[in-house]
Amino acid sequence: MTSSATRTAPTGLNQLLPGKSREARRVKTGIPELDEMLRGGFMEGDAVLLAGSAGTGKTTLGLQYLVNGVSKFNEAGVYVTFEELPDRIYRDAGNFGWDLRRMEEENMFKAVCTSPKLLLESANIQDETIREIRPKRIVIDSLSHLTMFVEQGGFRQEAYRLIMQIKTRGISSLLLWEASSAGNSMMLTDVGLSYLVDCVIMLKPVEIESSIRKALAVLKMRGSDHDKHLREFEITPTGVKIASAFANYEGLTSGVPRKVASEKFMEMFRKASDSR
């Protein structure tokens with residue numbers, strides 16, 4: 001189910017078209033904290049890039065987006081994978097209590113295992129599956145695999161073709177991207193992919209006091225405001241759970257986190273008080 005939110009047109013346009021307004025529809029992820037960060041959810045029909053290094057939870061978040069679409073909003077979904085077999089997908093989802101087989105039997109979910117080469121050679125993306133279940137959501141895991149089958153410099157064109165195929169069918173897409181951490185900075189993509197998508201979400205591991213924690217941030221959301229904070233999240237037995245922002249630290253994305261000055265002062269104050 002999508003929700004509606006009214007956005008007022010510019011003042012000059014309002015004068016030309018009195019009483020007219022543009023209605024923007026949202027596609028909720030079903031994760032309350034994330035939908036709050038997105039000001040109600042993704043914009044309907046948008047292409048969303050979910051970037052992160054290995055082990056950050058991209059696949060889990062992608063599956064949860066589809067499962068919530070079925071169970072909470074009655075929206076069918078397709079999961080396209082280039083590396084996992086269906087049995088492995090069903091097994092991993094079952095660990096979170098998600099019964100993908102049942103959803104598939106109800107014609108609300110479809111796992112498509114293919115190769116990047118076949119996807120690139122096909123004139124249209126899985127037309128049979130699209131006609132069969134009429135999905136409103138699709139996850140591609142992952143777009144990074146296409147780079148192995150496209151000549152250098154041609155990836156952006158192929159990615160654009162794929163994204164537009166999905167958009168013209170009115171499907172909201174979540175495109176997973178394997179991003180590597182280079183030095184102290186995280187390179188989302190070196191091929192200009194971020195310019196082709198409407199929204200970019202980053203998942204990143206951060207080390208704080210000798211402990212590895214996970215961080216999530218909305219880096220870009222075309223046509224909408226969004227939360228600007230870096231938030232901690234964890235993968236629980238029921239899926240992704242987003243917590244509060246890293247209020248007491250700064251420099252997390254640089255790879256050199258440090259406590260903010262106010263927190264350092266409070267820590268010094270507490271130590272002084274304890275020593276009395």
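For the reader, a short list of remarks on this structure follows.
- Given (1) among the small types (Gly, Ala, Ser); (2) surrounded by fewer than 16 Cβ atoms within 10 Å (Cβ to Cβ); (3) free of Cβ contacts under 8 Å to residues at least 60 places away in the same chain, number of the condition Ala159 does not satisfy: (2)
- In region 134-144 there is at least one residue that is over 20 Å from the mean Cα position of the chain (by Cα) and surrounded by fewer than 20 Cβ atoms within 10 Å (Cβ to Cβ).
- In region 172-188, residue modelled with the lowest pLDDT [restricted to those that are of a type outside the set (Gly, Ala, Ser) and within 15 Å of the chain's Cα centre (by Cα)]: Leu188
- Here Gly154 meets the list (1) free of Cβ contacts under 8 Å to residues at least 12 places away in the same chain; (2) within 22 Å of the chain's Cα centre (by Cα) almost entirely, failing just condition (2).
- Boolean, Ile89 is part of a helix (DSSP H, G or I), among the hydrophobic types (A, V, I, L, M, F, W, C), at pLDDT below 90 and surrounded by fewer than 22 Cβ atoms within 10 Å (Cβ to Cβ): no
- Qualifying residue in region 200-220 (condition: at pLDDT 90 or above, part of a strand (DSSP E or B), charged (D, E, K, R) and surrounded by fewer than 19 Cβ atoms within 10 Å (Cβ to Cβ)): yes
- Qualifying residue in region 104-111 (condition: more than 19 Å from Lys28 (Cβ to Cβ) and either within 21 Å of the chain's Cα centre (by Cα) or modelled with pLDDT under 95 (or both)): yes
- Residues within region 47-74 that are part of a loop (DSSP other than H, G, I, E, B) and surrounded by fewer than 21 Cβ atoms within 10 Å (Cβ to Cβ), tallied: 5
- Residue within region 134-143 that is out of contact with any strand residue (DSSP E or B) (no Cβ under 6 Å at 6 or more places or on another chain) and at pLDDT below 90 present: no
The values are calculated or read from the model by the stated rules, or taken from the named source; none is laboratory data. None of the values given here were measured: they were computed from a predicted structure. As a convention, Cβ positions derive from the backbone with ideal geometry for all residues, glycine included, and neighbour counts pool all protein chains shown.
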